[in-house]
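Quick notes on the structure that follows.
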Amino acid sequence: MYRTCAACGRDLPQSSYTANQFSKGPGVSRCASCVHGHHADTVSAGQTNSGRYNNSNKCSVPNSALKNSFAQGAFRWVAKGSYTSGSRRGQACVVKWFKTGAVFSDDYFTLDIKAVDKALEIVNRFNQLNIINKVVKINVPEIWHFTDDSSDEWAGQRHLCEPFIQNYQKFNSNTGWNDDSKAWGEVMQALSHFSYHISGGNYVLCDLQGGIYQHELVLSDPVILSRTREYGVTDLGPDGISSFFSLHAYNNFYRPNWTQPANPVQRFRPVPGTTMIRRTVRTGYSRPRETRLFV
């Protein structure tokens with residue numbers, strides 16, 4: 001059941017309201033985000049201290065690294081290089097680009113940046129609340145191009161570039177899989193739950209992966225699950241949100257007032273890799289509707 005919040009005007013599910021607020025009826029009920037003041041007080045993505053930026057406009061990647069990508073998925077390659085300009089000059093970076101003919105390449109660049117922007121808003125607010133005594137940051141990629149003097153295979157091709165992350169590990173996925181065997185895994189589960197609460201039940205920040213440093217944890221490639229599936233093929237929509245919470249457990253980093261779906265149901269098989277759903281098919285017989293890809 002959905003209802004329009006009397007304060008922010010958003011059409012939200014019942015789970016976005018406290019029982020007391022929902023009982024007040026349409027036109028009066030305020031969502032949990034409005035009641036607790038968790039709305040537009042987030043710092044814009046371009047100004048947040050929760051981002052880890054390139055601070056450069058050029059990098060170099062050896063041909064051997066391009067040809068021997070250290071990480072491969074169903075549709076993209078990842079290689080390690082080094083910055084050649086700016087304050088990060090000499091430091092390691094990562095470039096990510098698509099295999100020739102990749103199905104999702106046109107939209108993925110734009111939607112990847114869009115997901116990072118939303119993740120920054122959520123993480124910035126999470127840090128402001130001092131839920132933990134460390135800082136969570138997000139690697140902020142930029143869309144760059146291989147120079148014209150690169151090998152013919154890559155010359156002019158777009159790629160994403162971001163700072164390299166040491167000791168890379170995965171904490172949860174977009175299907176509800178999670179590893180909360182250690183404290184940082186519990187923190188990431190709490191962050192995902194917090195994202196649902198702070199957005200009034202509209203978004204879940206998940207697929208959290210990155211590296212642990214002395215004073216911070218740095219994440220990369222976050223996924224946003226949304227009610228309207230506005231974040232591309234990794235956004236599993238309402239079914240993804242439901243699946244995430246069906247496998248979700250409380251821990252010491254939660255706040256008791258955080259909202260969650262009333263009756264979550266597992267819709268996806270929980271796997272560590274990132275699950276993608278194709279929105280369209282070329283013919284009625286080429287593959288089943290909403291074919292899933294795992295990377």
statement: The FRET efficiency for ARG89 and ALA183, from their Cβ-Cβ distance with R0 = 35 Å and rounded to 0.05, is 0.50
- line: For LEU129 and ILE212, extending 7 Å from Cα along the Cα-Cβ vector and measuring point to point gives, in nm, a value of 2.2 nm
query: How do 166-176, 193-203, 137-147, 209-219 rank on mean C-beta neighbours within 10 Å, highest first?
result: 193-203, 166-176, 137-147, 209-219
message: I'd like the Karplus ³J(HN,Hα) series for region 85-90: coefficients 6.51, -1.76, 1.60, θ = phi - 60°, whole numbers in Hz, and an x wherever there's a Gly or Pro.
response: 8, x, 5, 9, 3, x
statement: Here, SER246 and ASN63, labelled 7 Å along Cα→Cβ, have an inter-label distance in nm of 5.1 nm
field: Which listed pairs, of LYS58/LYS182; LYS24/LYS118; LYS24/LYS114; LYS67/LYS170, have C-alpha distances above 29 Å, in listed order
entry: LYS58/LYS182; LYS24/LYS118; LYS24/LYS114
- prompt: Each residue of region 247-259 in turn: what ³J(HN,Hα) in whole Hz from Karplus with 6.51, -1.76, 1.60 and θ = phi - 60°, glycine and Pro shown as x?
  reply: 10, 9, 10, 6, 8, 6, 9, 7, 10, x, 8, 5, 7
query: Based on the Cβ-Cβ distance of SER151 and ASN55, what FRET efficiency does E = 1/(1 + (r/R0)^6) give at R0 = 45 Å, to the nearest 0.05?
result: 0.95
- request: Give the ranking of LEU225, LEU247 by solvent-accessible surface, highest area first, calculated with a 1.4 Å probe.
  value: LEU247, LEU225
- prompt: Given H placed on each backbone N at 1.01 Å, which residues far from LEU217 in sequence or on other chains put an amide H within less than 5 Å of it?
  reply: VAL135, VAL136, LYS137
List ARG30, ARG229, ARG89, ARG125, ordered by accessible area with a 1.4 Å probe, largest first: ARG89, ARG30, ARG229, ARG125
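The values are calculated or read from the model by the stated rules, or taken from the named source; none is laboratory data. None of these values were measured; they are calculated from a predicted model. Note that each Cβ is placed from the backbone with ideal geometry, even for glycine, and that neighbours are counted across all protein chains shown. What goes into the accessible areas is simple: the full protein's heavy atoms, side chains included, and nothing from ligands, DNA or RNA. Shrake-Rupley method; radii C 1.70, N 1.55, O 1.52, S 1.80 Å.
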